[in-house]
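Structure first, then comments.
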There are 2 protein chains.
Amino acid sequence: MGLQQPRTRIQQKNRETILAAALEVFAQHGFRGATLDMIATEAGLSKPNVLYYFPSKEAIHVTLLSQLMDTWLDPLRDLDAGGDPITELRVYVRRKLDLSRDYPRQSRLFANEIIQGAPRMQSALATDLKALVDEKSAIIAGWAKAGRIADVDPHHLIFSIWALTQHYADFEVQIRAVLGDGRDPLAEAESFLDMLFSRLLAP
Amino acid sequence: MGLQQPRTRIQQKNRETILAAALEVFAQHGFRGATLDMIATEAGLSKPNVLYYFPSKEAIHVTLLSQLMDTWLDPLRDLDAGGDPITELRVYVRRKLDLSRDYPRQSRLFANEIIQGAPRMQSALATDLKALVDEKSAIIAGWAKAGRIADVDPHHLIFSIWALTQHYADFEVQIRAVLGDGRDPLAEAESFLDMLFSRLLAP
DNA sequence: TTGGTTTTTGACCATTTGGTCAATCGGACG
DNA sequence: CGTCCGATTGACCAAATGGTCAAAAACCAA
């Protein structure tokens, strides 16, 4: 039964429930480590019922990944050539860090996929993602050439923003272990990264 | 058969062969995604033969992880309170980046483990790793207080070094997809990170 | 060569897991 | 109330997988 778009209220609800459960399970165990039983239990449904709403385990995974790319790239899409360069980039960093705080599971799902060679995203990376990054890199390069920010390589600037913000979601366990209790990693990260990029970008 | 330490030449060699194969397979597929058959094939041995040298799949994984922690923390151990602060930290960044270049599989193995909650490393993180980071953070804090480097949070400085260097190994697929062919990500990263930390740390 | 030890493997096993299916359930509508 | 269609599930299956074991092969010292 191909449920391209939900027709009934209950389909809508159950598909969402399954996706939320699958996100939790995939993020924690990776694609192979996750089982349909785990997802079904987490969703409060039976395994055959889960497969009534999605044709396969892989279909659930693919659905999650495509949803992810969309919201994940929003902050970069909003980088505005007409805005103040430093402000634009600072806002981008902050919004990216907000994503790490509010959606750590999505971040880990994505990280799992990329680390293992992005077997289900290769094309999306080389086309959509590359196009967007190239476009925004041109904007940043323009700012640099105009002397409005320091002369940094735009691609690596973007990579550094990704690396630094996602690190706080993906490696949360390590960070908490090292910092010990009683500290708020994400809050500290916000001011640290603000300072870091201020110093890096100042003309 | 518990082969705590190899007694014969052939044991030594086969254990190393298996660990090398397992590193490749675990890094690419994660613990659950890797199968003993994959490891055996990669090692050029039969599955029962692999289990002759290691008691279980998990034992292979644990062996790799403990080996990893050791070499992985060496550069941080060498951070010398008596050296020139900027130089010491620059060397640390460069050596960490060298590890990403030379041992990307180890980096991904570690990343896989941490992202999934470090089920087999929790204790090592909270004890050994925390102790080392706290010790070196104290040194960095001393440099900052003496005005020899900028006033940065030492823990987050170390996190940022980890994030930025390991990103080039763990997310290599993404970076290559975005940069396209004909560029050398690691070479570019070296100069980019050198500049980034120069600006960040200058008093 | 021989006897004993180490190494290797084919056959096998129990469990897990993704997925199927016929049968049942349940609610909305006439 | 009865019918129909979407929703749910217990039972089941085939393949994959971690691991075992007895026997064969390779090796080595005397």
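The values are calculated or read from the model by the stated rules, or taken from the named source; none is laboratory data. These figures come from a predicted structure and were not determined experimentally. As a convention, Cβ positions derive from the backbone with ideal geometry for all residues, glycine included, and neighbour counts pool all protein chains shown.
Against the condition within 14 Å of chain B (Cβ to nearest Cβ), in contact (Cβ under 8 Å) with a residue 12 or more places away in the chain and away from DNA strand D (no atom under 16 Å from the Cβ), how does A:Ala111 come out, does it pass? It is true that A:Ala111 is within 14 Å of chain B (Cβ to nearest Cβ), in contact (Cβ under 8 Å) with a residue 12 or more places away in the chain and away from DNA strand D (no atom under 16 Å from the Cβ). Just a yes or no: is a residue in the stretch A:97-117 surrounded by 14 or more Cβ atoms within 10 Å (Cβ to Cβ), in contact with a helix residue (DSSP H, G or I) (Cβ under 9 Å, 6 or more places away or on another chain), farther than 26 Å from A:Ala189 by Cα and basic (Lys, Arg)? Taking every residue of the stretch A:97-117 in turn, none turns out to be surrounded by 14 or more Cβ atoms within 10 Å (Cβ to Cβ), in contact with a helix residue (DSSP H, G or I) (Cβ under 9 Å, 6 or more places away or on another chain), farther than 26 Å from A:Ala189 by Cα and basic (Lys, Arg).
Screening A:Ser123, A:Ser198 for residues that are part of a helix (DSSP H, G or I), modelled with pLDDT under 95 and more than 8 Å from every other protein chain (Cβ to nearest Cβ) leaves exactly one candidate, A:Ser123.
Taken together, A:Val133, A:Val152 contain a single residue that is within 8 Å of another protein chain (Cβ to nearest Cβ), assigned to a loop (DSSP other than H, G, I, E, B) and in contact (Cβ under 8 Å) with a residue 12 or more places away in the chain, which is A:Val152. Just a yes or no: is a residue in the stretch B:95-107 over 17 Å from the mean Cα position of the chain (by Cα) and either facing another protein chain (nearest Cβ under 7 Å) or in a helix (DSSP H, G or I) (or both)? Checked against the condition, which is being over 17 Å from the mean Cα position of the chain (by Cα) and either facing another protein chain (nearest Cβ under 7 Å) or in a helix (DSSP H, G or I) (or both), the stretch B:95-107 yields no hits at all. Counting the residues of the stretch B:158-195 that are in a loop (DSSP other than H, G, I, E, B), over 14 Å from the mean Cα position of the chain (by Cα) and within 14 Å of B:Arg101 (Cα to Cα) gives 1. For the stretch B:138-149, the count of residues that are assigned to a helix (DSSP H, G or I) and within 9 Å of another protein chain (Cβ to nearest Cβ) is zero. Within the stretch A:163-194, the residues that satisfy the criterion of being facing chain B (nearest Cβ under 7 Å) and among the hydrophobic types (A, V, I, L, M, F, W, C) are A:Ala163, A:Leu164, A:Phe171, A:Val173, A:Ile175, A:Ala177, A:Val178, A:Leu179, A:Ala189, A:Phe192.
Scan the stretch B:84-99 and report the pairs whose first residue is under 15 Å from B:Ile149 (Cα atoms) and whose second residue is aromatic (Phe, Trp, Tyr) and in a helix (DSSP H, G or I), with Cβ atoms within less than 6 Å and a gap of 6+ or a chain change. Taking only residues 6 or more apart or on different chains, the pairs are B:Pro85/B:Trp143. The selection criterion, being farther than 29 Å from B:Ser198 by Cβ, in contact with a helix residue (DSSP H, G or I) (Cβ under 6 Å, 6 or more places away or on another chain) and surrounded by fewer than 23 Cβ atoms within 10 Å (Cβ to Cβ), does not hold for A:Gln122.
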